[in-house]
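Heads up, the thing below is written out as structure tokens.
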Amino acid sequence: MKKLKYQIIVALLLTVVVFSCKKVELKRFTPNKMFTPTAISVSSGDTSVIISWPASLFSAGSGVNYTLEISQDSAFKATRDLSLKVDSTTAVVTDDKIKDRTPYFVRVKANATAKSAESEWVASTTPFSLVGVQIFHSLQSTNIIDDAVILDWTTTEGVDKIVFTKANGDTMQYAVTADENAAGEALVEGLSAGTNYTAEIFAGNKSKGLLTFTTKAPVVGNNVVDLRPIQDRPSVLFDTLSQITDGAIVLLKRGRTYTIPSTYIFDKAVSIRSGLGFGDPAKLLLSSNFDATGNIDSLNFSDLTIETDGSASYFMNIGHATVIGNVKVENCTTNGVFNNSFIRLKTAGAEINNLLINNCIIDSFGIGAKYAVIYANASSKALIDNITIQNSTFYSFYYFIRQDGITGTSLNINNCTFNDMINQAGYFINYSGTFPPAFNIMNSILGSTIDPANANGIKSSGNAVLSNTYMTSDCVFSANPVTGANSYPGTASDLFTDPANGNFTIKDNSFAGKSTAGDPRWR
């Protein structure tokens, strides 16, 4: 009986083993609904964007394709800007299909196949945009007036219009002629004064550049003294200054020369400027310099050529006790050789609270008599407290900034180009004491020194904080080095177009700071 039971059990086990080893055919899993792609990757450039996503799960061999949609509306409720059906998991979209500099969102879904319904959408959570081409050149403030602007660009095939948009959305379209595009320049009139504009240049429907600017406010008011109608009287400015009221704005005729035959001492606030317009600015022809006395709110000089007739050694040489709140020199160019300083304070009690030099070209100062371009010396009793120098070029000078025995509050240099500087033991900057708490040199280029064996860098109890600032290989200081600058391997002549003649346009396209360093007019 036991033997019979044993035989039955063995037979049952063999049956189970045989059944378990039988080959079973597996079928491919086909979902009733396509799986949603799990994520979207976006990589955008100047004129194209690459959009990619993982394939839907279990979609291999199914012949699935995808729908991609692009919209400025993150909820995709508005009309789509672009809808594509693609057979792969990557799509390249160019500015032929979407606009440059416009925020877009993208979403993707797997379309239905013969056996599976379409998936849900997967959408990007952050917008992307095409950077766009930029053919506009840097816009100089001298090319902007109250009702017009001069725009420059790199000649580009097909450029046919510029669209101006105000902050409130109002637009004005300017048709670019073939001649203007060939020249890469257009004068656009009919703008509103004191208004923020965005200008966008197009070739057909393609954007080729974008910039923003603000038109200047009209110069009007009871304090305006307009000397432009007065002709054949070069001394009219000098004769008028003593008669004006405090805070007057004196307008000069562009292209006309105004003489300063002897020292004029300011004792009240005044702004001297060329009238709004294009072309050469008014010229101040100096036989002597300006001085100041007493408490003065501000002295402003704008859009002028400042020239010596050979007799003037300074622009300003302050020999009286005075406290001037603000001195501004903007959009000015110097002509001729000045033996001494651009601005000098030589008397105890002479102070400038704030000095701004902006968008100027200043050259040929101090080499003959060994004076600094900006100089405060009165046994530690003259002071320029805050100095801001920006968007400017300085070349052919003995010494840049010298303040004897004082500290000051700030010295900030930004977007400036320097070259052909420092000899006879001069310094780039010398506070001969403690440097200002805010002491920065940013986005600037230091070119060649005149005499590397006798050129000094920065003398103070500390150093400036430098950022994105470069020194050419022939910018050599024998003592008091300037630390923290990036090295450019070539000379100033390798970097600039014609430095000997004052052309500092950057010609080395491989220069790392080409679009970010130095006076913007040369980039």
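The values are calculated or read from the model by the stated rules, or taken from the named source; none is laboratory data. Since this is a predicted model, take the numbers as computed values, not measurements. When we count neighbours, we look across all protein chains shown, and the Cβ atoms used for this are built from the backbone with ideal geometry, even at glycine.
Structural remarks
- Among the residues listed as SER298, SER274, the single one being within 20 Å of ALA217 (Cα to Cα) and surrounded by 22 or more Cβ atoms within 10 Å (Cβ to Cβ): SER274
- Here the condition is being of a type outside the set (S, T, N, Q), surrounded by fewer than 15 Cβ atoms within 10 Å (Cβ to Cβ) and either under 32 Å from the mean Cα position of the chain (by Cα) or within 26 Å of ASP100 (Cβ to Cβ) (or both); of ASP226, ASP232, ASP179, ASP246, it holds for ASP179 alone.
- Candidates ALA485, ALA455 - the one that is aliphatic (A, V, I, L, M), surrounded by 17 or more Cβ atoms within 10 Å (Cβ to Cβ) and in contact with a Leu (Cβ under 7 Å, 6 or more places away or on another chain): ALA485
- Figure legend. Inter-residue proximity from the range 263-274: first residues closer than 11 Å to ASP297 by Cβ, second residues surrounded by fewer than 18 Cβ atoms within 10 Å (Cβ to Cβ) and of a type in the set (Gly, Ala, Ser), beta-carbon distance below 7 Å, spacing 6+ or different chains. Indicated pairs: ALA269/GLY247; ALA269/SER298.
- Where strands (runs of 3 or more DSSP E) sit wholly within the range 339-433, those with at least 3 residues that are in contact (Cβ under 8 Å) with a residue 40 or more places away in the chain occupy 383-397, 410-421, 426-430.
- Residue within the range 189-201 that is hydroxyl-bearing (Ser, Thr, Tyr) and either within 19 Å of GLY279 (Cα to Cα) or in contact (Cβ under 8 Å) with a residue 60 or more places away in the chain (or both) present: no
- Breaking point among (1) among the basic types (Lys, Arg); (2) surrounded by fewer than 17 Cβ atoms within 10 Å (Cβ to Cβ); (3) touching a residue at least 60 places away in the same chain (Cβ under 8 Å), for LYS97: (3)
- The range 21-74, subset of a type in the set (D, E, K, R) and under 18 Å from PRO127 (Cα atoms), residue modelled with the lowest pLDDT: ASP46
- So SER83, is it modelled with pLDDT of 90 or more and either outside any strand (DSSP E or B) or buried (at least 16 other Cβ atoms within 10 Å of the Cβ) (or both): no
- Contact map, the range 214-233: residues that are under 30 Å from SER138 (Cβ atoms) paired with residues that are among the charged types (D, E, K, R), Cβ distance under 6 Å, separation 6+ or inter-chain. Pairs shown: THR215/ASP146; LYS216/ASP146; PRO218/ASP146; ARG228/LYS253.
- Selection status of ILE318, β-branched (Val, Ile, Thr), more than 27 Å from ILE367 (Cβ to Cβ) and within 35 Å of the chain's Cα centre (by Cα): no
- Across the range 248-285, the number of residues qualifying as touching a Ser or Thr at 6+ places or on another chain (Cβ under 6 Å) and assigned to a loop (DSSP other than H, G, I, E, B) comes to 7.
- Pairs, first outside any strand (DSSP E or B) in the range 147-164, second of a type in the set (Phe, Trp, Tyr), C-beta under 9 Å, six or more apart: THR154/PHE136; GLY158/PHE202
- Test result for THR102, in contact with a helix residue (DSSP H, G or I) (Cβ under 8 Å, 6 or more places away or on another chain), in contact (Cβ under 8 Å) with a residue 12 or more places away in the chain and under 30 Å from GLU189 (Cα atoms): no
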